[in-house]
Amino acid sequence: MSSCKRAYPGGFAYIWTLLLVAFMGIGSSIASELYSTSVRRDKERELLFIGHEFRAAIARYHDSAAAGPQMYPLTLQDLIKDPRFPNAKRHLRRLYADPLTGKAEWGLIRVEGRIVGVHSLSQRAPMKVDNFDEHDSGFRNKGRYADWVFVYPHDMFIAPQEGENGKNGGPLRIGVLPKPGTPR
């Protein structure tokens, strides 16, 4: 009887299996990173859409004075049901949730106690830093989503010049508020 050893290719199959698992792990981590980037970009687009809806609703509220001077709303609920009209006048169908925080809480920009704009409460850094629409050009190079302020009129706040106060951008300054009764 001769003892004949048979060579099994099991060692190579094991190495190939390890390589396959490693490539699958790398591929799934790349796919998850692409997915999370896509989700963040979708949330940014949704924030821009909702911010524009709030800006338009504030504009409609401001421009539709019943029998008095033009004014801004006192609360966000006033955008859903305008208390200045006897019948339900809606400038906004519902209060949107902030897509970045998931809550229906917004930072309110007030001038003389009235709401002139909203902003997200998210402190995260935005992915989009340029190529905004004309009305959103003040969002350029902002360091956090909370700095994306949706006000009516869109140019109510004067954006500081580059490098002012030694910072990129600096704080916002209030521009000229429209006088009651003057068209904008």
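The values are calculated or read from the model by the stated rules, or taken from the named source; none is laboratory data. Please read these numbers as outputs of a predicted model, since none were measured by experiment. Positions of Cβ are generated from backbone atoms using ideal geometry, with glycine treated the same way; all protein chains shown enter the neighbour counts. Accessible surface areas use protein heavy atoms only, side chains included; no ligands, DNA or RNA. Shrake-Rupley method; radii C 1.70, N 1.55, O 1.52, S 1.80 Å.
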Starting at the first residue of segment 89-105, write each ³J(HN,Hα) from the Karplus equation 6.51 cos²θ - 1.76 cosθ + 1.60 with θ = phi - 60°, in whole Hz, x for Gly and Pro. 10, 10, 9, 9, 6, 7, 7, 6, 7, 5, x, 8, 9, x, 10, 8, 10
Where does each of R93, R110 land when they are ordered by accessible area, with a 1.4 Å probe and the largest first? R93, R110
Expressed as a whole percent, how much of the Cα-Cα distance distribution for segment 115-160 exceeds 14 Å? 47
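At 1.4 Å probe size, put W148, W106 in order of accessible surface, largest to smallest.
Details: W148 0, W106 25 Å².
Sorted by accessible area, descending: W106, W148.
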Using a 1.4 angstrom probe on the protein heavy atoms only, could you order S32, S122 from most to least accessible area? S32, S122
Kindly write out, for segment 50-64 in residue order, the coupling ³J(HN,Hα) from the Karplus curve 6.51 cos²θ - 1.76 cosθ + 1.60 (θ = phi - 60°), rounded to whole Hz, with x marking Gly and Pro. 5, x, 5, 5, 5, 4, 5, 5, 5, 5, 5, 4, 4, 7, 10
Please list, in order along segment 111-120, the HN-Hα scalar couplings obtained from phi with the Karplus expression 6.51 cos²θ - 1.76 cosθ + 1.60 (θ = phi - 60°), rounded to whole Hz, x for Gly and Pro. 10, 6, x, 10, 7, 10, x, 9, 8, 5
At 20 °C in a medium of viscosity 1.002 mPa s, segment 41-103 has a Stokes-Einstein diffusion coefficient, with Rh taken as the Kirkwood radius over alpha carbon pairs, in µm² per second, of 172
Check which residues have an amide H placed less than 5 Å from V116's amide H, if you skip close sequence neighbours. I109, R110, V111
Solvent accessible area, Å² - L95, 1.4 Å probe, full protein context: 50
Tell me, what is the 1.4 Å probe accessible area of E105, in Å² to the nearest 10? 100
Roughly how many Å² of I30 are accessible to a 1.4 Å probe, to the nearest 10? 90
Given +1 on the Cβ of Lys and Arg, -1 on the Cβ of Asp and Glu, and no further charges, what dipole in debye does segment 55-148 carry about its Cα centre, rounded to the nearest 20? 300
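Run the accessible area of segment 7-77 with a 1.4 Å probe and give the carbon-and-sulfur part as a rounded percent. Working shown, then result.
Numbers: 3380 of 4720 Å².
Carbon and sulfur atoms account for 72 percent of the accessible area of segment 7-77.
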